[in-house]
């Protein structure tokens, strides 16, 4: 779940609204979304997030409306066989299990959990959302055939009992969890920082879903490309920081989507001071000139940034690289840099260049670049 979805859930619960949190809990074979993908559905059918799109998601929303009316959570197991996949316009197969859970706005335990999640994200702390899924009584969902068997994925509906809790590095908020032979030591051993996992204890299953802090993009330079890119990065769920040494270019009106705006010292001297730069941090260098690009690149090459990209032509790149080698940097240092930055799509305008950069960031995050 991204930070906007957590905040949306918290706000709905704070208004004492009942809503459904639908989550992919198991995916076998090929499926449209991975375990942990989530969507919130309100009583009017309005939704935020996605569990896969298409007809599968439409059936989940229909089940969510029923669950909101009955206040009974269910698990839906979809068989995405070749015939139904083709009919539904989805290019995947396999099985997907989706938990359709009801969150009661009047349950202060649940509200407290989502308040803690939002606070932790703002403070940069790691958490794990824990879901308990109790005994199942499975039956064929005859009502799902109402829209025509040729257009509907086969689905088994299972009535379940659910609970929800939260853990940080060392503590557990049991919330409404059904705890069966489950200890904090077990949870610590089984949890993963960037992967949703399912464990079972007797007849109860537990979904351990990391509240992943968003990757961070630091954009050095506050020109037209940076303006467009900051907006795109926000929509991609990336925490965005903009740095420039010109106060007149760093107003909130120019970067309404940025999470942070930093005014650097003249010529970007020591521009990453006080920042933790690690493998989950992407640096995009789009300053107003070669000298500033050189200065920023020289600084970031001394960090553990996962991605480094610099705008400019190959001629500019080669000149900067020669100068940096004279300063003691090695070829393997410079090999870390993506320059010219962005995927080659023939981009010309600032918006097009920003799209090409964002596409390269997506490819890098997915291990494709």
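Read-outs throughout are calculated quantities, based only on the coordinates presented, and are distinct from any laboratory measurement. These figures come from a predicted structure and were not determined experimentally. All Cβ positions, glycine included, derive from the backbone under ideal geometry; neighbour counts span all protein chains shown.
Taking label points 7 Å from Cα along the Cα-to-Cβ direction, residue 200 and residue 66 give a separation of 2.4 nm.
Would you please give the FRET efficiency between residue 348 and residue 316, computed as 1/(1 + (r/R0)^6) with r the Cβ-Cβ distance and R0 = 22 Å, to the nearest 0.05?
On the way: r = 17 Å, r/R0 = 0.79.
For R0 = 22 Å, the calculated efficiency reads 0.80.
Between residue 112 and residue 58, the contour length at 0.36 nm per residue exceeds the Cα-Cα span by 16.4 nm.
Kirkwood hydrodynamic radius (Cα pairs, Å) of the range 1-58? Show your work: numbers first, answer last.
Numbers: mean 1/r = 0.0832 Å⁻¹.
Taking the inverse mean of 1/r over all distinct Cα pairs, the range 1-58 comes out at 12.0 Å.
In this simple spin-label approximation, residue 34 and residue 2 carry label points 7 Å from Cα along the Cα→Cβ vector, and these lie 1.6 nm apart.
Using alpha-carbon pairs under 8 Å, 6+ residues apart, how would you state the relative contact order of the chain in percent? Kindly include the intermediate steps, with their values, before the conclusion.
Values: 728 pairs, mean separation 43.0, N = 369.
Answer for the chain is 12 percent.
For the pair residue 270 and residue 246, a Förster radius of 25 Å applied to the C-beta separation gives a FRET efficiency near 0.95, rounded to the nearest 0.05. If the segment from residue 122 to residue 323 were pulled out straight at 0.36 nm per residue, it would be longer than the present Cα-Cα gap by 68.4 nm. Just so you know, the averaged projected area of the alpha carbon convex hull for the chain sits at 21.1 nm².
Can you tell me the order of 11-23, 281-293, 241-253 when each peptide is scored by its average per-residue count of other Cβ atoms within 10 angstrom, highest first? Present the calculation step by step, with values, prior to reporting the outcome.
On the way: 11-23: 19.0, 281-293: 21.3, 241-253: 16.0.
Per-residue mean Cβ counts within 10 Å order the peptides as 281-293, 11-23, 241-253.
Sequence-distant contacts, meaning Cα pairs under 8 Å at least 6 residues apart, place the relative contact order of the range 257-369 at 21 percent. Evaluating kT/(6 pi eta Rh) at 25 °C and 0.890 mPa s, with the Kirkwood radius of the range 95-139 over Cα pairs in the Stokes-Einstein relation, gives 187 µm² s⁻¹.
Here the spin labels are modelled as points 7 Å beyond Cα on the Cα-Cβ line, and at residue 171 and residue 366 they lie 3.9 nm apart.
For the chain, the longest principal axis of the C-alpha atoms and the axis of helix 3-14 are separated by about 50°. Seen against the Cα atoms of the chain and their longest principal axis, helix 350-365 is set at about 60 degrees.
The share of alpha-carbon pairs in the range 322-368 lying farther apart than 18 Å comes to 44%. Neighbour counting of Cβ atoms within 10 Å sorts the residues 268, 364, 78, fewest neighbours leading, into 364, 268, 78.
Taken over the alpha carbons of the range 291-364 as equal point scatterers, the Debye sum produces base-10 log I(q)/I(0) values at 0.14, 0.21 Å⁻¹ of -0.45, -0.95.
Roughly how tilted is helix 224-235, in degrees to the nearest 10 and between 0 and 90, from the longest Cα axis of the chain? The answer is roughly 20 degrees. Starting from one equal scatterer on each C-alpha and no solvent at all, send me the Debye-based log10 I(q)/I(0) for the range 216-365 at q = 0.12, 0.16 Å⁻¹, two decimals. Here the Debye-derived log intensity ratios amount to -0.44, -0.81.
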